[in-house]
Amino acid sequence: MNGIPIVLGYLLDIAFRDPAVGFHPVRLVGIFIQAQERLYRKVFGNLLFAGFILSAVTVSTVLAASYGFVVVAAGLHPAAGFLASAILVYISISPASLAHEAMKIHGLLSAGDDEGAKRELSLIVGRDTHDMTREEIARACVETVAENSVDGLISPLFFAAIGGGPLAMAYRAVNTCDSMVGYRNERYELFGKVSARLDDAANFIPARLSIAVVFLASLALRMDGRRALEVALRDRLKHPSPNSAHAEAAFAGAMGVQLGGISSYGGVRKEKPCLGDPVHRLGAERIPSAVRLLRVASAIACALFAFASLWR
C-alpha cells in the first residue's frame, strides 16, 4: 500500500514545501558524502574504486536508516508506519519549493529587480548568473523547473511506488551523490564516474515517463499537448546525458519556447543543444506557465504512481 504514503507525502510537500533547515536529511546526506570523499581520497589509491565505495556506502546507509525508521514506526502502530513512509516521500520530493523559488524570481523580474533575480537564481542553478540578461534569467529558471520535474518529483515517486519512502530516499541518495561528485572534470572524472552512471540508470525510466506526464499536464492546462509530444520525441536525445533533455523538451514543446543555448559555468561558456522551437518569446512572463505545468504534472504524477503502486 505505497499509494497512501505517496499521496500523504505529496500533500505534505504542498502544505510545508521543503523545510529550509540545517538538519534536513538530504543536507545531512550531503555532509556524509563530503566526509567520505575526504576519507576515501586518502585511503584508496584507485579513485574509481573510491567513488564506487562512496556510492555504495551512501545509498545502502540511507536505505537502511530509512527502512529502520519505517519499521520502528510501524511497530508502534500501523498508521505510524504509513506516516513515517509518507514523511520520507515528502523529504525526497520538492515540487512546491521549486515552484515557490521560480515564482519568487518571476516577481523580482516583474518588479525590475534583475540583480535580486540573479541572486535568487544562483541558489537553484549551477551556472553563472552575474552577467545574465533578463531573457537568460527567465530561460535558466524555466529550464531548472523542467529538469527538476524528474529528479525532484517523478523519479522519487517512481521509486516510492515500488518500495515506499525508503526506496524514494535511496533514490535521493543516488541523486545527491551525482550532484556532488558526478562531474566530468579533472577532480571527479574517475571519482564521480560510478555516481554519475548510477544516477543515469536510476533516472532512465522516470525521464521517459516524464514525457507522458508533461503531455497529460499540458492537455489539462489547454497548452499545446501535441507539440509537447512531438518536440519531446524529436529532441529528447539531443543532450549528452541520456536523461536530461526528456522533460525539458516536453516543457519546451508545451510552452512553445526554445530552451538550451549558451550558458556559463565557472567562467567557461558552454553551448547546450536547443530544445523546442521559438514560437513564443521566452521572457519573464513564461515562468508562471512553467510553474503551472509543474504543479499540474505533480498532481498527475502523484495520482499515477499512487494508482500504480496498487498493482506491484
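Show that you can apply the helix-only estimate: for the chain, add -39,500 (n - 2.57) for every DSSP H stretch of four or more residues, divide by all residues, and state [θ] at 222 nm to the nearest 500. Walk me through the numbers on the way to the answer.
Working: 12 runs with 218 residues, N = 312.
Value at 222 nm, helices only, nearest 500: -23500 deg cm²/dmol.
GLU186 to HIS24: extension gain in nm, 0.36 nm per residue of separation minus the Cα-Cα distance?
Details: separation 162, 0.36 × 162 = 58.32 nm, distance 3.04 nm.
Net length gain for the segment: 55.3 nm.
Tell me, how many Å apart are the Cα centres for region 115-142 and for region 246-274?
Using only Cα atoms to place each centre, the spacing works out to 13 Å.
Counting residues in region 3-311 as N, plug N into 2.2 N^0.38 Å and put the Cα Rg over that result. Display every interim value, and only then the final one.
Numbers: Rg = 19.2 Å, N = 309, 2.2 N^0.38 = 19.4 Å.
Computed over Cα atoms of region 3-311, the ratio equals 0.99.
Can you give the FRET efficiency for ALA64 and VAL43, using 1/(1 + (r/R0)^6), R0 = 22 Å, r = Cβ-Cβ distance, to the nearest 0.05?
Values: r = 22 Å, r/R0 = 1.00.
Once rounded, the FRET efficiency stands at 0.50.
From the backbone phi of region 69-75, what are the Karplus-calculated ³J(HN,Hα) couplings (6.51 cos²θ - 1.76 cosθ + 1.60, θ = phi - 60°) in whole Hz, Gly and Pro given as x?
In residue order, the calculated couplings are 4, 5, 5, 4, 5, 5, x Hz.
Per-residue HN-Hα couplings for region 136-146, Karplus 6.51 cos²θ - 1.76 cosθ + 1.60 at θ = phi - 60°, whole Hz, x for Gly and Pro?
5, 4, 4, 4, 4, 5, 5, 4, 5, 4, 5
What distance in nm lies between label points placed 7 Å from Cα along the C-beta direction at ALA35 and ILE205?
It works out to 3.3 nm between the two label points.
Which order, highest average first, do 182-189, 151-158 follow once you tally other Cβ atoms within 10 Å for each residue and take the mean per peptide?
Working: 182-189: 13.5, 151-158: 28.0.
Packing proxy ranking, top to bottom: 151-158, 182-189.
Please give, to one decimal in nm, the separation of the simple spin-label points placed at ARG197 and ALA220, each 7 Å out from Cα toward the Cβ.
3.8
At 0.36 nm per residue, and after removing the present C-alpha to C-alpha distance, how many nm does the segment from LYS270 to LEU76 gain when stretched out fully?
Computed gain between LYS270 and LEU76 is 64.5 nm.
Assigning unit charges at the beta carbon (Lys, Arg +1; Asp, Glu -1) and nothing else, what dipole magnitude in debye, to the nearest 20, does region 3-311 show about its Cα centre? Intermediate results must be reported in sequence, preceding the final value.
Numbers: 30 positive and 27 negative charges, 69 e Å.
Dipole about the Cα centre, nearest 20: 340 debye.
The numbers here are math on the coordinates, done by the rules we state, and not lab data. These numbers were taken from a predicted model, which means no experiment stands behind them. In this analysis, Cβ positions are derived from the backbone assuming ideal geometry, glycine residues included, and neighbour counts consider all displayed protein chains.
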